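A short worksheet on the structure shown next.
The values are calculated or read from the model by the stated rules, or taken from the named source; none is laboratory data. Just so it is clear, the structure is predicted and the values come from calculations on it, not from any experiment. When we count neighbours, we look across all protein chains shown, and the Cβ atoms used for this are built from the backbone with ideal geometry, even at glycine. Just so you know, the surface numbers come from the protein's heavy atoms only, side chains and all, with ligands and any DNA or RNA stripped out. Shrake-Rupley method; radii C 1.70, N 1.55, O 1.52, S 1.80 Å.
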2 protein chains.
Amino acid sequence: MPTALTLCGKTYREFAETIERFHGWKAPGVVIGGFMVDLAQEHVGTGVEADAIVETIHCLPDAVQLFTPCTIGNGWLKVVDWDKFALTLYDKRTREGTRVWLDLEKTRRFPAVYNWYMRLVPKQELPLDVLLGEIERAGRGMLSSAPVRVNRWHGKSKKGEVSICPRCGEAYPVVQGGMCLACQGRGYYEQR
Amino acid sequence: MPTALTLCGKTYREFAETIERFHGWKAPGVVIGGFMVDLAQEHVGTGVEADAIVETIHCLPDAVQLFTPCTIGNGWLKVVDWDKFALTLYDKRTREGTRVWLDLEKTRRFPAVYNWYMRLVPKQELPLDVLLGEIERAGRGMLSSAPVRVNRWHGKSKKGEVSICPRCGEAYPVVQGGMCLACQGRGYYEQR
């Protein structure tokens, strides 16, 4: 690892510590995600207010939330559950930006990364430090990018009219019907 | 604000700074979310490995990600887009936990909070400091909670078999069909 490397405006050590603190451990997917964010930011340019879309719920949302101003809760990051290891940063005004993805063809040069992503080797046979070392060596060498224009899911999701559910008494969006979804039997919990 | 107040293990000042740094500003919804997490954690107890479900994409996911070990990317936080201001922390082993919600009836005693949530007053007529002051005074006084058992969406979402999309050459889950969703025309971007 060249000591002069900076990623997402941080030294590599700060970068790694930021991941561990938030994500709980230095997960390979979040580290790769950091390289992806770094590349996308370079294309989009500084001084551009960029929103983000990530195409998997695994790891990648945390890289975007840590290394850009976009979070789930502030609405600038959207997460699509496609299980593709890809993200797009785009100018929220023009909707033009850059999509970056883990390029499987390119990862063939980095067998630990390829085997990890394709899950060809059991976890216990792929020590974390070996995998992380290869990810750090690969850096942008495992990524591809393309200029895109975003045509869905851009902009803030607007809240609709709020009403009180006649059954549970909680606030819910009227667009869901005469009761909230939980009271319609689509909840995820039972009282105990 | 009593100076001795701690929230989610932080002084109120640290709590507020943590929100600003991650979310971009001291958003009322994230501050309320912090009080909700604090209450849920007290019920669930320390020493319990708790997973989280939040019932809106607005603000609340950030409170959980900041004040618990659960993030979107590490899979311990699930986000349900129901637009209900509620969250559940639960023991990942027993699936028993506590659901906490912003109780609209209780917020009637705190008119700024009620008017903000129900969007009865235009933003420019509800200064942020007035709203935040009332949220801080309300604290748990605006929340309700109930013991629940989680019966859906618990556990890790497992990744299925990965294949290479014959059209774009990217990795995708085979369960989606013969091509990835983007190549099936369900994408969010066009090349430029």
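What's the total accessible area buried between chains A and B, using a 1.4 Å probe, rounded to the nearest 100 Å²? Before the final figure, lay out each step's value.
On the way: alone 11770 and 11760 Å², together 17860 Å².
It comes to approximately 5700 Å² buried between A and B.
Taking loop as defined by DSSP and a crowding limit of 16 other beta carbons within 10 Å, which GluC sites (Glu not before Pro) in segment B:141-192 fit? Don't jump to the answer; show the numbers that get you there.
Values: sites: B:Glu161, B:Glu170, B:Glu190; in loops: B:Glu161, B:Glu170.
Qualifying residues, ordered by number: B:Glu161.
Across the Cα atoms of segment A:6-149, what radius of gyration and what greatest pairwise Cα-Cα distance (Dmax) are found, in Å?
Taking only Cα atoms of segment A:6-149, I get Rg and Dmax of 14.5, 47 Å.
Taking a 1.4 Å probe, which of A:His58, B:His23 shows the most accessible area, and what order do the others take after it? Please list the in-between numbers first.
Numbers: A:His58 35, B:His23 5 Å².
Result of the area sort, largest leading: A:His58, B:His23.
Which GluC sites (Glu not before Pro) in segment A:1-80 sit in a loop by DSSP (not H, G, I, E or B) and have at most 15 other Cβ atoms within 10 Å of their own Cβ? Please list the in-between numbers first.
Details: sites: A:Glu14, A:Glu17, A:Glu20, A:Glu42, A:Glu49, A:Glu55; in loops: A:Glu49, A:Glu55.
Answer in residue order: A:Glu49.
Point me to the residue of chain B whose C-beta lies closest to the B-onto-A rotation axis, rounding the distance to whole angstrom.
Result for the axis mapping B onto A: B:Ile72, 3.
Straight-line reach only, C-alpha to C-alpha below 16 angstrom: list the lysines that A:Lys106 could link to, leaving out same-chain residues fewer than 8 apart.
In chain and number order, the partners are A:Lys84.
Taking chain B as a Gaussian network, where each spring joins two C-alpha atoms under 10 Å apart, which residue of B:Ile32, B:Ile164, B:Ile53 fluctuates the most?
Comparing B:Ile32, B:Ile164, B:Ile53 in a Gaussian network model of chain B, the most mobile one is B:Ile164.
Could you pull the Cα extents of the protein assembly as shown along its three principal axes, largest to smallest, in whole Å?
Principal extents (largest minus smallest coordinate, Cα): 63, 45, 44 Å.
Starting from the Cα-Cα distance between A:Glu105 and A:Ser157, subtract it from 0.36 nm times their residue separation and give me the gain in nm to one decimal.
Numbers: separation 52, 0.36 × 52 = 18.72 nm, distance 3.58 nm.
Here the answer is 15.1 nm.
Among the DSSP beta bridges whose two residues both lie in chain B, what percent are antiparallel, rounded to the nearest 5?
Numbers: 22 of 25 bridges.
Close to 90 percent.
Give, as a single signed number, the net charge of other residues whose beta carbon lies under 13 Å from the beta carbon of A:Val150, with Lys and Arg counted +1 and Asp and Glu -1.
+3
Where does helix A:12-23 land angle-wise versus the long Cα axis of chain A, in degrees 0 to 90, nearest 10?
It is inclined by approximately 30 degrees.
Roughly how far apart, in whole Å, are the Cα centres of segment B:136-172 and segment A:73-108?
After rounding, the separation between the Cα centres reads 19 Å.
What list of ³J(HN,Hα) values in whole Hz, one per residue of segment A:75-82 in order, does the Karplus curve 6.51 cos²θ - 1.76 cosθ + 1.60 (θ = phi - 60°) give from phi, with Gly and Pro shown as x?
Values, residue by residue: x, 8, 10, 10, 10, 10, 8, 9 Hz.
Taking the Cα-to-Cβ direction at A:Glu14 and at B:Glu17 and moving 7 Å from each Cα, how far apart do the two end points lie in nm?
Each label point is offset 7 Å from its Cα along the Cβ direction, giving 1.6 nm.
Measuring with a 1.4 Å probe in the full set of protein chains, what accessible area per residue, in whole Å², belongs to segment A:1-87?
Working: 3220 Å² over 87 residues.
Here the per-residue accessible area is 37 Å².
Only bridges with both residues in the protein assembly as shown count here: give the DSSP antiparallel percent, nearest 5.
Details: 50 of 56 bridges.
Taking every DSSP beta bridge with both residues in the protein assembly as shown, the antiparallel ones total about 90 percent.
How large, in percent, is the carbon and sulfur part of the accessible surface of chain A at a probe radius of 1.4 Å? Mind dumping the intermediate values first?
Values: 4510 of 8930 Å².
Roughly 50 percent, rounded to a whole number.
Among the listed pairs A:Lys92/A:Lys159; A:Lys159/B:Lys26; B:Lys92/B:Lys158; A:Lys156/B:Lys159, which have their C-alpha atoms separated by more than 22 angstrom in this model?
Details: A:Lys92/A:Lys159 19 Å; A:Lys159/B:Lys26 19 Å; B:Lys92/B:Lys158 16 Å; A:Lys156/B:Lys159 29 Å.
Check vs 22 Å cut-off fails for A:Lys156/B:Lys159.
What 222 nm value per residue comes from the helices of chain B, counting each DSSP H run with n ≥ 4 as -39,500 (n - 2.57) and dividing by all residues, nearest 500 deg cm²/dmol? Before the final figure, lay out each step's value.
Values: 6 runs with 59 residues, N = 192.
Helix-only estimate at 222 nm: -9000 deg cm²/dmol.
Please list the non-local residues whose amide H lies under 5 Å from the amide H of A:Ser163, H modeled 1.01 Å from N, same-chain partners needing a gap of 5 or more.
A:Tyr172, A:Val174
Which values, in whole Å and largest first, are the semi-axes of the equivalent ellipsoid of segment B:1-57 obtained as the square root of 5 times each eigenvalue of the Cα gyration tensor?
Numbers: eigenvalues 76, 53, 18 Å².
Result for segment B:1-57: semi-axes of 19, 16, 10 Å.
Starting from a label point 7 Å past Cα on the Cβ side, list the distances from A:Lys106 to the same position in the other copies, nm, shortest first.
5.1
Given a 10 angstrom Cα cut-off, can you work out which residue in B:Val37, B:Val148, B:Val174 is the most mobile in a GNM of chain B?
B:Val174
Helix A:128-138 against the longest principal axis of chain A: what's the angle in degrees, Cα atoms only, rounded to the nearest 10?
Compared with the principal axis, the helix lies near 80 degrees.
Which residue, B:Gly178, B:Gly73, B:Gly24, tops the fluctuation ranking in a GNM of chain B built on C-alpha contacts under 10 Å?
With Cα springs under 10 Å in chain B, the top fluctuation among B:Gly178, B:Gly73, B:Gly24 is at B:Gly178.
For A:Val48 and B:Arg140, what is the calculated FRET efficiency with R₀ set at 51 Å and r taken between the beta-carbons, to the nearest 0.05? Numbers along the way, then the final one.
Details: r = 41 Å, r/R0 = 0.81.
So, using R0 = 51 Å, E works out to roughly 0.80.
Could you derive backbone 3J(HN,Hα) for segment B:145-153 from the dihedral phi with the Karplus parameters 6.51, -1.76 and 1.60 (θ = phi - 60°), listing whole Hz in sequence and x where the residue is Gly or Pro?
In residue order, the calculated couplings are 8, 8, x, 9, 10, 7, 10, 8, 6 Hz.
How much net charge surrounds A:Phe110 when only other residues with a Cβ under 13 Å from its Cβ are counted (Lys, Arg +1; Asp, Glu -1)? All intermediate terms of the calculation are to be shown ahead of the outcome.
Values: positive: A:Lys106, A:Arg108, A:Arg109, A:Arg137, A:Arg140; negative: A:Asp103, A:Glu105, A:Glu134, A:Glu136.
Charge balance in the 13 Å sphere: +1.
Binning at 5 Å from 0, report for segment B:118-192 what percent of all alpha-carbon pair distances ends up in each bin.
The distribution over segment B:118-192 is 3, 10, 11, 10, 7, 7, 7, 10, 12, 15, 7, 1, given as percents.
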